[in-house]
Amino acid sequence: MSVSCGAEWVVVLGCMRWAWKRCTYIGSDDSATWPTATADEFDPIPRVCRTILAVYQPGIRCSGDGYWVNPDWVVKRANYEQTCGNAPPYLIYADHHNREIVLAIRGLNLASQSDYRVLLDNRLGMQMFDGGYVHNGLLKSAVWVLKRESETLRKLWEENGMEYKMVFAGHSLGSGVAALMTIIVANHGDQLGGVPRSLLRCYAVAPARCMSLNLAVKYADIIHSVVLQDDFLPRTPTPLEDIFKSVFCLPCLLFLVCLRDTFIPEGRKLRDQRRLYAPGRMYHIVERKFCRCGRYPPEVRTAIPVDGRFEHIVLSCNATSDHAIVWIEKEAEKALKNLQELNTETVTTPPRVEKFNRKLTLEKEHKDALERAVSLNIPHAETSYEESYGNNEEGTSQDRKLETCNHNTEDSLEKEKPVCKDARTNWDEVVGKLFTKHESGKMLLKRDVSESIKCSSTN
């Protein structure tokens, strides 16, 4: 009798301890050990959020007296009728003030059936790409948008002296499309006129889990994810299609996922190459503290985590509100002002030297993350740091032309000659590698057979 009572008490205490740890776990714990971001590296994020907000609005005028973006610099807008359900609505914007060409994509529209078709076109381990797994429906949308707008983007880049940054940005569902577009362009930059990797950027706001861990770390130098405190989407390993099918009982789903993941070892999660993650370098905006009322001045933490990459569900009443692009834009703007004020108070070195030192730090963090992924036996993890970065120094157009030729020579194994940035755009060749035409006339995404055979042989 005493033994059974003792066992019951052990079980009860264990359950109480688990419940206490889960209920007291807050979003800021995920980035407690991360360093603070600088104002220079975080500066593009608030304005990228405003560009994404312009896609949500019927017009480009914001709710106040101004505009989300300069209306004279909007090159093109595409709504649901124009995308024909192949991708969410998007906007192409030439930001001449910041020397950027931005393609911004909106998030999931709960009233749009076409967005659900993109979302549900996936199964666990369905599609391999570039040595890892990606979301099948999002990859199809990324290829469709690039094929439709590659000529527009190429002309814009060439008309502006081939010196503007090419920026892909998206929120929620659109963040996955933007991230996969960035990976495609990083490997086929000649199709946009030869955009070098150093001028390519992606900002995934409230990112969806769209790629395997090795790809998320590999492209952390050009893909940046922005997470506001307790946002549920980057933390939920459940496939996207299951999340939004359960949107009317989301708290129940999050609790069950939290309970299930408690009994899955961390090593097993890391070795599962089909498990998808939020892409790239993470920027975590933290504004609330445990057992404190109200919001505090937001701070921004950044890192390229390999293990502990937003793996814990946060049981919070703000889990869904922190996913809203409006709140993210407001808090990002506040955080940037705080960083700028902190920077002016603590400046002890010349700005050029400070920027150069931070650039070296970012490169070292990426290199360390790649090595960490290899040490943890992440499937298909690579240490090709030099090939990933290439030459990031800004030079003349001729230097970038040679850089692009070398980049294409290393990355494109099927081409016999390097293709420079003056080459003619030919997306049909890229589409031919990724898709095959069915007898019904529809384009179907090819499976990476060679990678599948390689994986099965290693296992």
**Q.** Failed item, numbered, when residue 201 is tested on (1) in a strand (DSSP E or B); (2) on the phi > 0 side of the Ramachandran plot
**A.** (2)
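Taking the residues in region 187-204 that are among the aliphatic types (A, V, I, L, M), within 17 Å of residue 280 (Cβ to Cβ) and touching a Ser or Thr at 6+ places or on another chain (Cβ under 9 Å) as candidates, determine which candidate is surrounded by the most Cβ atoms within 10 Å (Cβ to Cβ).
Only one residue fits best here, namely 204.
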Q. Out of (1) over 24 Å from residue 203 (Cβ atoms); (2) touching a His at 6+ places or on another chain (Cβ under 9 Å), what's the single condition that is false for residue 107?
A. (1)
Q) Looking at this structure, is residue 353 over 21 Å from residue 171 (Cα atoms) and at pLDDT below 90? A) yes
Q.
If I filter region 107-124 for residues that are under 30 Å from residue 379 (Cβ atoms), buried (at least 21 other Cβ atoms within 10 Å of the Cβ), at pLDDT below 85 and not hydrophobic (A, V, I, L, M, F, W, C), do I get at least one hit?
A. yes
Q) Only one residue in 221, 231 is crowded, with 24+ Cβ neighbours inside 10 Å, in contact (Cβ under 8 Å) with a residue 12 or more places away in the chain, in contact with an Asp or Glu (Cβ under 7 Å, 6 or more places away or on another chain) and not in a helix (DSSP H, G or I). Which one? A) 231
Q.
Please go through region 149-174 and give me each residue that is assigned to a loop (DSSP other than H, G, I, E, B) and either under 23 Å from the mean Cα position of the chain (by Cα) or free of Cβ contacts under 8 Å to residues at least 60 places away in the same chain (or both), ordered by number.
A. 164, 172
(Q) Report every pair of residues separated by at least 6 positions or lying on different chains whose Cβ atoms are under 8 Å apart, first residue within region 297-326 and farther than 24 Å from residue 339 by Cα, second in a loop (DSSP other than H, G, I, E, B) and of a type in the set (Val, Ile, Thr). (A) 306/378; 313/236; 314/26; 316/26
Q) Being in a strand (DSSP E or B) and modelled with pLDDT of 90 or more, is that true of even one residue in region 303-313? A) yes
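The values are calculated or read from the model by the stated rules, or taken from the named source; none is laboratory data. Quick caveat: nothing in here was measured; it's all calculated off a predicted structure. Cβ atoms come from the backbone with ideal geometry, glycine included; neighbour counts cover every protein chain shown.
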